[in-house]
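Right, one structure below, let's go through it.
The values are calculated or read from the model by the stated rules, or taken from the named source; none is laboratory data. Model, not experiment: these values are computed from the prediction. Cβ placement follows ideal geometry from the backbone for every residue including glycine, while neighbour counts extend to all protein chains displayed. For accessibility, only protein heavy atoms count, side chains too; no ligands or nucleic acids. Shrake-Rupley method; radii C 1.70, N 1.55, O 1.52, S 1.80 Å.
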Amino acid sequence: MDKSVDAVCGMFGVVYAGGFYSFLDVKQPQARTESVLQILEPKVIFTDEENYERISGYNTSAKIWKIEEVLAAGTAIDEDKLKNVRDNFQDVNPLYVNFTSGSTGVPKGVVVCHRSVIEFISCFTEIFGIKETDIIGNQAPFDFDVSVKDIYSGLMTGAKVQIIPKKYFSMPTNLMDYLADKEVTTLIWAVSAMCFVSVMKGFDYRLPEKIHTVMFSGEVLPIKHYKIWKKFLPNAKFVNLYGPTEITCNCTYYVLDREFEDADVIPMGKAFPNEKVFLLDENDQLVTEKGVQGEICVGGTALALGYYKDRERTDQAFVQNPLNKAYNEMIYRTGDLGKYDDNGDLVYVSRKDFQIKHLGHRIELGEIEAVTMAREGVTRTCCIYDSEKQRLILFYTGDREKIGLMKELRTVLPPFMLPNALVPVEEMPLNKNGKIDRNKLMSDFLSKK
């Protein structure tokens, strides 16, 4: 289904009956959906009238129920069966399975239990002061864990959750009218959605004056875009959230409370209560020194249960803490690189995959992106390494001419970090989770050669 109030009813109905849910994006290719269904082997699929015919043609043995008919039926409740569910319930039972992309081409289903969500949302709503009087503007699709913070913060505090129509994120005036008319107070958005508002000059059209808290995650928010938001919402609290799906939404947060230069990177900040976040070097030794990079590792109650029906990949990523030789302590290795800044805050550097060796030098692609983002007239950047031809390709949006931009980059980047090609694009393609789709950028670039 598409995200909707009926969809939430279906999700909670499944949970109340003792099961767990997995939300399937109706826009994703049939092959991916069938791959997910093959892993899940669900007993029941909820859909709606609009999507019933489509899902009926998929390869699945599940019963397919229309949510409208289920909600209208008023089926008698079997209290004995529900009592049995309650009597045998454990807080480590799965609550949902969210599928992320897998490097092998097979999606990975992250299993998150009730206790992890209860633990995280309890801290999340308290730290950021979400109250019953708040109105949360939901941006994220329901198969993306950013929406977990919207749905369950509302459930826990009684705050209203406004499900913003997806189409409004390509219609800036409609989006700003919606936020203002619905008197939205709290945004928990992907970075790409925030960049859409600032690039399209949404605030010049209309200002949603009730917004007092803006939280963002998924990618590093460029300082230029933060400054635009801060200019129009000077009294709002801005929070950078970090964390993979495997740690139940987020594991660190940073409240932006100082001025930043355009080339700065917003810190990841500190760990949420009852979560452990630390760095390990290539020899699995603890990194504590400022400026020294290490892989970001996380642990604690909010840790996911692993990948659904995928023992091999679970055992690769969810491992015993190498620093603990005394008892079992599972951690998740994120594959992200971080370091501590001068204030002792963690700072995201890049994916381990994005740290490359070029011309004999170790290079962080994120550093090239950040330096380019600081240039006048550049609105977004993405640097990709073509390992086959050993070249750096920098994609960017904005109104800068390639020749002038390259001339300026030569004054701020060492020769071995200079892009071999600058590629202006009208907009950055996004994947289903709202992050820049690096594969599509590269394939489009190569197809034009």
(message) Let me check the size of segment 346-387 from its C-alpha atoms; what are the radius of gyration and Dmax in Å?
(response) 11.2, 32
(request) Calculate the dipole size of the chain relative to its Cα centre from +1 charges on Lys and Arg beta carbons and -1 charges on Asp and Glu beta carbons; express the result in debye to the nearest 20. (result) 860 debye
(message) I need the calculated FRET efficiency for the pair residue 389 and residue 76, taking r as the beta carbon distance and R₀ as 41 Å, to the nearest 0.05.
(response) 0.05
(request) Apply the Karplus parameterisation 6.51 cos²θ - 1.76 cosθ + 1.60, with θ equal to phi minus 60°, to every residue of segment 392-402 and state each ³J(HN,Hα) to the nearest whole Hz, in sequence, with x for glycine and proline. (result) 9, 10, 10, 9, 8, 10, x, 10, 7, 6, 4
(request) Might you report the magnitude of the Cβ-based charge dipole of segment 62-186 about its Cα centre, with Lys and Arg at +1 and Asp and Glu at -1, to the nearest 20 debye? (result) 340 debye
(request) For segment 59-144, build the convex hull from the C-alpha positions and give me its volume per residue in Å³. (result) 227 Å³
(message) Can you sort 124, 169 by solvent-accessible area, 1.4 Å probe, largest first?
(response) 169, 124
(message) Tell me which GluC sites (Glu not before Pro) from segment 55-155 have a DSSP coil assignment and no more than 16 other beta carbons within 10 Å of their own.
(response) 132
(message) Just to verify a number: FRET efficiency for residue 115 and residue 174, C-beta to C-beta distance, R0 = 35 Å, to 0.05?
(response) 0.35
(message) Using a 1.4 Å probe on the protein heavy atoms only, what accessible surface does residue 89 show? Give it in Å² to the nearest 10.
(response) 90 Å²
(request) Among the trypsin sites (Lys or Arg not before Pro) in segment 177-276, which ones are in a DSSP loop with at most 13 other Cβ atoms within 10 Å of the Cβ? Mind listing them? (result) 201, 258
(message) For Cα pairs less than 8 Å apart in space and 6+ apart in sequence, what is the mean separation divided by the residue count of segment 359-449, i.e. the relative contact order in percent?
(response) 25 percent
(request) Could you give me the percent of Cα pairs per 10 Å distance bin for segment 171-300, shortest bin first, beginning at zero and ending with the bin that holds the maximum distance? (result) 11, 38, 30, 15, 5, 0
(request) Can you sort 114, 361 by 1.4 Å-probe accessible area, starting with the largest? (result) 361, 114
(request) For 423, 265, 239, give the ranking by accessible area with the largest first, probe 1.4 Å. (result) 265, 423, 239
(message) Can you say what percent of the DSSP beta bridges in the chain, counting only those with both residues inside, are antiparallel? Round to 5.
(response) 65 percent
(message) Bins of 10 Å, beginning at zero and ending with the bin holding the largest distance: percent of Cα pairs per bin for segment 230-380, please.
(response) 10, 34, 35, 17, 4, 0
(message) Could you work out what % of the accessible surface of the chain is carbon and sulfur, using a 1.4 angstrom probe and leaving DNA, RNA and ligands out of the count?
(response) 50 percent
(request) Using DSSP to define loop residues, name the trypsin sites (Lys or Arg not before Pro) in segment 40-80 whose beta-carbon has at most 16 other beta-carbon atoms within 10 Å. (result) 43
(request) Show which aspartates and glutamates lie in cross-link reach of residue 276 when reach means a straight Cα distance below 20 angstrom and same-chain residues fewer than eight apart are skipped. (result) 119, 126, 145, 246, 284, 289, 295, 315, 329, 336, 341, 345
(message) I'd like to know which of 188, 175, 113 lies farthest towards the positive end of the charge dipole of the chain, counting +1 on Cβ of Lys and Arg and -1 on Cβ of Asp and Glu.
(response) 175
(request) Return the calculated 222 nm mean residue ellipticity for the chain, to the nearest 500 deg cm²/dmol, obtained by summing -39500 (n - 2.57) across DSSP H runs with n ≥ 4 and dividing by the residue count. (result) -8500 deg cm²/dmol
(request) With +1 on each Lys and Arg Cβ and -1 on each Asp and Glu Cβ, and nothing else charged, work out how big the dipole of segment 108-173 is about its Cα centre, in Debye to the nearest 20. (result) 220 debye
(request) Give me the accessible area per residue for the chain, probe 1.4 Å, as a whole number in Å². (result) 50 Å²
(message) Charges on Cβ only, +1 for Lys and Arg, -1 for Asp and Glu, centred on the Cα centroid of segment 310-391; of 324, 370, 355, which one is farthest towards the dipole's positive end?
(response) 355
